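> Structure in structure tokens, see below.
The values are calculated or read from the model by the stated rules, or taken from the named source; none is laboratory data. Everything numeric here is computed off the predicted structure, so don't read it as measured data. Cβ atoms come from the backbone with ideal geometry, glycine included; neighbour counts cover every protein chain shown. These area figures cover heavy atoms from the full protein model, side chains too; ligands, DNA and RNA do not enter into them. Shrake-Rupley method; radii C 1.70, N 1.55, O 1.52, S 1.80 Å.
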Amino acid sequence: MMELQTEKRFHSLTLEQVQALDKVLTEVIPIHGRGNFPTLQVRAKDIIRVVKDRLLERDIQVKDIRLNGATASHVLVSNSGLEYRDLDIIFGVELPRQEDFQVIKDVVLGSLRDLLPCGVNRRKITCLTMKEAYVQKMVKVFNEHDRWSLISLSNNRAKTVGLRFVSSLRRQFEFSVDSFQIILDRMLESYWETERKQGGKLASKPTITVEAECMYGDFEQAMEHLRHRLIATHSPEEIRGGGLLKYSDLLVRNFTPTSETEIKSLERYMCSRFFIDFPDVSEQQRKIEAYLQHHFIGNEETSKYDYLMTLRRVIDESTVCLMGHERRQTLNMITVLALRVLGEQNAIPNTANVTCFYQPAPYMTEPIYSSYFIAQAQPPLVYHPYPLHVHMQTGLV
């Protein structure tokens, strides 16, 4: 029985999927430097090789290397609806000690230094300098259940390269549609072997067997969810606070729940965890703004308003863990963010001249001032969440 369940988790990529993976791994991605530091033009397969070689030099064994998340989903189903822009690479490693995280950090920063253009004097550039120039985010988790680190490399509003080093991670996905991991080792070995034989020339298109694993459990079922844009998960209590933001994103991208009954329970779990992980309204705002910045780029910027109002609706309908005033604070904050988005898109006049009111439900006749104020216009521009619209008035309501 256990062997059958294991088999259901794996799938061999088709030739078309292998070709899509080849395109992802060989595409040139810019890693932008801050200040006077140059932009690094790298390919995923090259930075993976440099990092792996340096890890081995420092006696850190690499069990396998995987492509994770939305990019893996994109390779498996090209029209999945999950736009990939974070190239999430997982290095399976052993991290028995806290000190190993410093080794990981040094390895990545040293690898970036190796990738600097010819003519740059690398000897005068420290790891700290490379961190300030090229690293967007660094995360380290070391506890009983989870031992992993993430180093995200800078990219100005395009694909971000995330290098994740995982010794143990209890929860490796949020929803079935982003639970795929493509095992890259055979593909990478094919590249490197071909380059050795061809004296450094680019490898031809590989025709080797590449496997993918579904962390959700049932590969074919998860693929059906991906093809038909369905939202499903299990053990929702394990999903971290950011899962609420991803869930709202899926709704905006026309994904629908597999079960309307189960999704209500899921929404309550996600809202509770969001407020546990981000209890302060300023933390919530920073998290939401960062999500908007990294997930709504280019043509997708027009969906920011719909996303915020979808997130607001889910929180409004499914939050059961907060006092009334705390809940109103969060809803007010999201409302103001939505107004700012409308202003940025010229959908309403300048948001510097907006006064926001919050009326929590249609049956409450008296408006409640938002705890987030924007400078008042003459006459004031007043916003009512119920119904959702903005209009000009000659006086206050």
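> What does the accessible area per residue of segment 203-297 come to in Å², with a 1.4 Å probe and no ligands, DNA or RNA counted?
Working: 4350 Å² over 95 residues.
Per-residue value: 46 Å².
> May I ask you to evaluate 6.51 cos²θ - 1.76 cosθ + 1.60, the Karplus curve with θ = phi - 60°, for each residue of segment 313-330 and list the ³J(HN,Hα) values in order in whole Hz, giving x for glycine and proline?
Going residue by residue, I get 5, 4, 5, 4, 8, 10, 7, 10, 9, 10, 5, x, 5, 5, 5, 5, 4, 5 Hz, with x marking Gly and Pro.
> ³J(HN,Hα) across segment 18-25 via Karplus (A = 6.51, B = -1.76, C = 1.60, θ = phi - 60°), whole Hz, x for Gly/Pro?
5, 5, 5, 5, 4, 5, 5, 6
> Quick one: which residues, 5 or more positions from Asn155 or on another chain, have an amide H under 5 Å from its amide H? H modelled 1.01 Å from N in the peptide plane, none for Pro or chain starts.
For Asn155, the qualifying residues are His32.
> Would you rank Glu211, Glu237 by solvent-accessible area, highest first, keeping every protein chain in place and using a 1.4 Å probe?
Descending accessible area places them as Glu237, Glu211.
> Which residues in segment 154-189 have a backbone N closer than 17 Å to a point placed 7 Å from the Cα of Lys8 along the Cα-to-Cβ line?
Backbone N within reach: 176-177, 179-180.
> Once amide H atoms are placed 1.01 Å from N in the peptide plane, what residues at a sequence separation of 5 or more from Tyr216, or on another chain, have their amide H within under 5 Å of its amide H?
Answer set, sorted by chain and number: none.
> Just in segment 6-42: which GluC sites (Glu not before Pro) are loop by DSSP and have at most 13 other Cβ atoms within 10 Å?
Details: sites: Glu7, Glu16, Glu27; in loops: Glu27.
Hits after loop and neighbour filter: Glu27.
> Can you list residues whose amide H is under 5 Å from Leu230's amide H, if they're 5+ apart or on another chain and H is modeled 1.01 Å from N?
It is Thr256, by chain and number.
> Next question, about the same structure. Please give the solvent-accessible surface of Met138 in Å², to the nearest 10, using a probe radius of 1.4 Å with every protein chain present.
70 Å²
> Run through every distinct alpha carbon pair of segment 8-85 and return the Kirkwood hydrodynamic radius in angstroms, one decimal place.
Details: mean 1/r = 0.0678 Å⁻¹.
In segment 8-85 this quantity evaluates to 14.7 Å.
> Also: From the backbone phi of segment 267-280, what are the Karplus-calculated ³J(HN,Hα) couplings (6.51 cos²θ - 1.76 cosθ + 1.60, θ = phi - 60°) in whole Hz, Gly and Pro given as x?
Here the 3J(HN,Hα) series is 4, 5, 4, 5, 5, 4, 5, 4, 6, 6, 6, 10, x, 8 Hz.
> I need the semi-axes of the equivalent ellipsoid of segment 85-187: take the C-alpha gyration tensor, multiply each eigenvalue by 5, square-root it, list largest first in whole angstrom.
26, 18, 13
> Quick one: go through segment 260-287 and flag any residue whose amide nitrogen is under 19 Å from the point 7 Å out along the Cα-to-Cβ line of His234.
260-267, 269-270, by backbone N distance to the label point.
> Taking 23 Å as the cut-off for C-alpha to C-alpha distance, list the pairs among Lys23/Lys304; Lys8/Lys159; Lys137/Lys246 that go past it.
The pairs that break the limit, which is 23 Å between Cα atoms, are Lys23/Lys304; Lys8/Lys159.
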